[in-house]
1. When region 212-225 is examined, which residues are found to be surrounded by 12 or more Cβ atoms within 10 Å (Cβ to Cβ) and over 19 Å from G188 (Cα atoms)?
2. Criterion first (more than 8 Å from the ligand (Cβ to nearest atom) and modelled with pLDDT of 95 or more) does M167 satisfy it?
3. Quick test for you: out of R184, R194, pick the one residue that is in contact with a Pro (Cβ under 9 Å, 6 or more places away or on another chain), within 13 Å of the ligand (Cβ to nearest atom) and over 22 Å from V116 (Cβ atoms).
4. Of the numbered conditions (1) at pLDDT 95 or above; (2) closer than 29 Å to D247 by Cβ; (3) among the aliphatic types (A, V, I, L, M), A74 fails exactly one; give the number of that condition.
5. For region 229-245, what are the residues that are under 24 Å from the mean Cα position of the chain (by Cα) and surrounded by fewer than 15 Cβ atoms within 10 Å (Cβ to Cβ)?
6. Go through F158, F132, F143 for me and flag whichever is within 9 Å of the ligand (Cβ to nearest atom) and either assigned to a helix (DSSP H, G or I) or touching a helix residue (DSSP H, G or I) at 6+ places or on another chain (Cβ under 9 Å) (or both).
7. Report those helices (runs of 4 or more DSSP H) wholly inside region 1-115 carrying at least 3 residues which are within 22 Å of G154 (Cβ to Cβ), among the hydrophobic types (A, V, I, L, M, F, W, C) and within 16 Å of the ligand (Cβ to nearest atom).
Amino acid sequence: MSAGIRVVSTQAELQDQLQQWRREGMRIGLVPTMGALHDGHGSLVRAAAADNEVVITTVFVNPLQFAPTEDLAAYPRDLEGDTKLAAEAGATLMFAPSVEEMYPFGPAEVWTNVSVRTITSLWEGAHRPGHFDGVSTVVAKLFAMAGHCSAYFGEKDFQQLAVVRRMAADLSFPVRIVGCPTLREPHGLAMSSRNRYLTQDERSRARVLHDTLCFGRDLIASGETAADRVLAAMSERLAEEPLVRLDYLALVDPASLVPVATITGAVRLLVAARVGNARLIDNIGA
Ligand code: AMP
């Protein structure tokens, strides 16, 4: 166990701790993760620690949000390393429940799930059927356990942030959702637990994703207003790196995530691609 952080794995222990903190008038920050923590997660914990007296980091590889074809079994797990990183970033409590603790009837016997309509039919939702139901269900459970708090999510998963915001508002959770900027490697690749699947060569080639997003953003900044021209130029830029297999490239309204044809205000550029054994997503505001 790392100094200054307590590790618990049951809801009962979490509730006891929360009760005590509430009696003491502590503000509570919540940082939900799937573990394999890197400095991107660390930045969420630091943001939470700056706003709150206590910070709960959760580590749970949620089976509900993985399709049978995805990397659930292979997903990297390292609770000791995660606890150390979370503690160093300012977390007070690590909540690392088992699958049985989160889903007492088993993940295949979850009869009640949370499903956010409309924005989940696009982009990641279209490419990963069921993914967002899994995300919104587990996040709703964590919010139900945590109660009144501020919860920190990364813009790295821009659509997920939008889904969580909407879910919390629709279901009246007493949770303030805080979106945090994407942390990147020095050459621009967004930090991700899935970067571990990349070889050194793939990692260096994957920087084309961020380069392309910046290229699109700069085109817009220089006055281009036709989305199709921006996207065509970005596609050409991406095609220079044949190792990167594109899933989607989109220019969307930042609130609804619906494609924009003519750029008249703020937009978001989204990209998803496969590189080697990893599926990577990234985005940028423009
Ligand atoms: P994950 O464990 O990868 O599902 O992510 C847990 C939280 O960390 C989510 O809110 C992510 O958006 C956030 N996150 C992941 N990568 C980054 C990053 N590079 N910068 C900032 N936040 C991130």
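1. Residues satisfying the conditions are I220, E224, T225.
2. Taking the combined requirement at face value, the residue satisfies it.
3. Going through R184, R194 in turn, the sole match is R194.
4. Among (1) at pLDDT 95 or above; (2) closer than 29 Å to D247 by Cβ; (3) among the aliphatic types (A, V, I, L, M), A74 violates only (1).
5. Of everything in region 229-245, just one residue is under 24 Å from the mean Cα position of the chain (by Cα) and surrounded by fewer than 15 Cβ atoms within 10 Å (Cβ to Cβ), namely R245.
6. On inspection, the qualifying residue turns out to be F158.
7. Of the helices (runs of 4 or more DSSP H) lying wholly inside region 1-115, those with at least 3 residues that are within 22 Å of G154 (Cβ to Cβ), among the hydrophobic types (A, V, I, L, M, F, W, C) and within 16 Å of the ligand (Cβ to nearest atom) span 39-51, 79-89.
The values are calculated or read from the model by the stated rules, or taken from the named source; none is laboratory data. Fair warning: this is a prediction, and the values are worked out from it, not measured in the lab. With ideal geometry, Cβ positions are generated from the backbone for all residues, glycine too; neighbour counts draw on all protein chains shown.
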